[in-house]
Amino acid sequence: GDSVTQTEGPVTLSEGTSLTVNCSYETKQYPTLFWYVQYPGEGPQLLFKVPKANEKGSNRGFEATYNKEATSFHLQKASVQESDSAVYYCALGDRTGGLSGKLTFGEGTQVTVIS
Amino acid sequence: GPKVLQIPSHQIIDMGQMVTLNCDPVSNHLYFYWYKQILGQQMEFLVNFYNGKVMEKSKLFKDQFSVERPDGSYFTLKIQPTALEDSAVYFCASSSDWGGARRQNTLYFGAGTRLSVL
């Protein structure tokens, strides 16, 4: 079946430094890839999604490129802020059977940014 | 942005009892989902629901589980009877269309209900 593996947390970094959260996936299909973010006390919310290989998604300074050859979708941000402290989830949606809203999530990476 | 509300945020229950988890989805959404997250593990799909029917369920959706949304009220997940392994955070989500990859629609998640079965 489908699977998603991401950087094991927790990750702690200083404000102004760069962030990379690695995400690798396995699937026999042609998925859309997602990054969700969960702030304390809230539900996961979509950060961005990329439906096609070799394309890049971005939002709020975060970006990730859908690398089909490497089966990766690493999340990056050049300069983090305290407000970026959250849990980040990588996920894939199966395109062929993918009308069901059935997403496969990674375990999530807790990111804490300190000033 | 659109909000999904889940009630209660934490529920403690004795093994064998029944529990109902409530979800108030985004007002104009028609597609509903439950996901389960055991502590330290991934969120996993349980079930989706549309037009009064379960469209798809995973192997985690045991016979003791049921979902309904009577008369456009709360979308509920009922577990009867509960077991120790049902302890987890349950996330409800909704979307305006199928949230699958092809249609590229967004799932809106609630903050979850933490269920503790003793």
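The values are calculated or read from the model by the stated rules, or taken from the named source; none is laboratory data. Please read these numbers as outputs of a predicted model, since none were measured by experiment. Quick reminder, even Gly has a Cβ in these numbers, built from the backbone with ideal geometry, and neighbours come from all protein chains shown.
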Members of the range B:31-58 that are under 16 Å from A:Gly43 (Cβ atoms), in contact with an Asp or Glu (Cβ under 9 Å, 6 or more places away or on another chain) and more than 7 Å from every other protein chain (Cβ to nearest Cβ): B:Tyr35, B:Lys36, B:Gln37
Answer yes or no: is there a residue in the range A:95-102 that is under 14 Å from the mean Cα position of the chain (by Cα) and crowded, with 20+ Cβ neighbours inside 10 Å. no
Working carefully through the options B:Gln17, B:Gln64, B:Gln11, find the one that is touching a residue at least 12 places away in the same chain (Cβ under 8 Å), over 12 Å from the mean Cα position of the chain (by Cα), over 27 Å from A:Phe48 (Cβ atoms) and loosely packed, with under 13 Cβ neighbours inside 10 Å. B:Gln17
From the residues in the range A:42-64 that are more than 14 Å from chain B (Cβ to nearest Cβ) and free of Cβ contacts under 8 Å to residues at least 12 places away in the same chain, which one is surrounded by the most Cβ atoms within 10 Å (Cβ to Cβ)? A:Ser58
What are the residue pairs meeting all of these: first residue in the range A:1-18, first residue more than 15 Å from A:Thr71 (Cα to Cα), second residue exposed (fewer than 13 other Cβ atoms within 10 Å of the Cβ) and hydroxyl-bearing (Ser, Thr, Tyr), Cβ atoms under 7 Å, and 6 or more apart or on different chains? A:Glu15/A:Ser115; A:Gly16/A:Ser79; A:Ser18/A:Ser79
Could you tell me whether B:Leu39 is in contact (Cβ under 8 Å) with a residue 60 or more places away in the chain and out of contact with any helix residue (DSSP H, G or I) (no Cβ under 9 Å at 6 or more places or on another chain)? no
When you scan the range A:28-38, do you find a residue that is at the interface with another protein chain (Cβ under 10 Å from one of its Cβ atoms), surrounded by 15 or more Cβ atoms within 10 Å (Cβ to Cβ), β-branched (Val, Ile, Thr) and within 18 Å of B:Gln42 (Cβ to Cβ), even just one? yes
A:Asn22 vs (1) out of contact with any His (no Cβ under 8 Å at 6 or more places or on another chain); (2) touching a residue at least 40 places away in the same chain (Cβ under 8 Å): all pass except (1)
Is the range B:78-87 home to any residue that is among the aliphatic types (A, V, I, L, M) and within 9 Å of chain A (Cβ to nearest Cβ)? no
Among the residues of the range A:72-115, which ones are at pLDDT below 95 and away from chain B (no Cβ under 14 Å)? A:Ser115
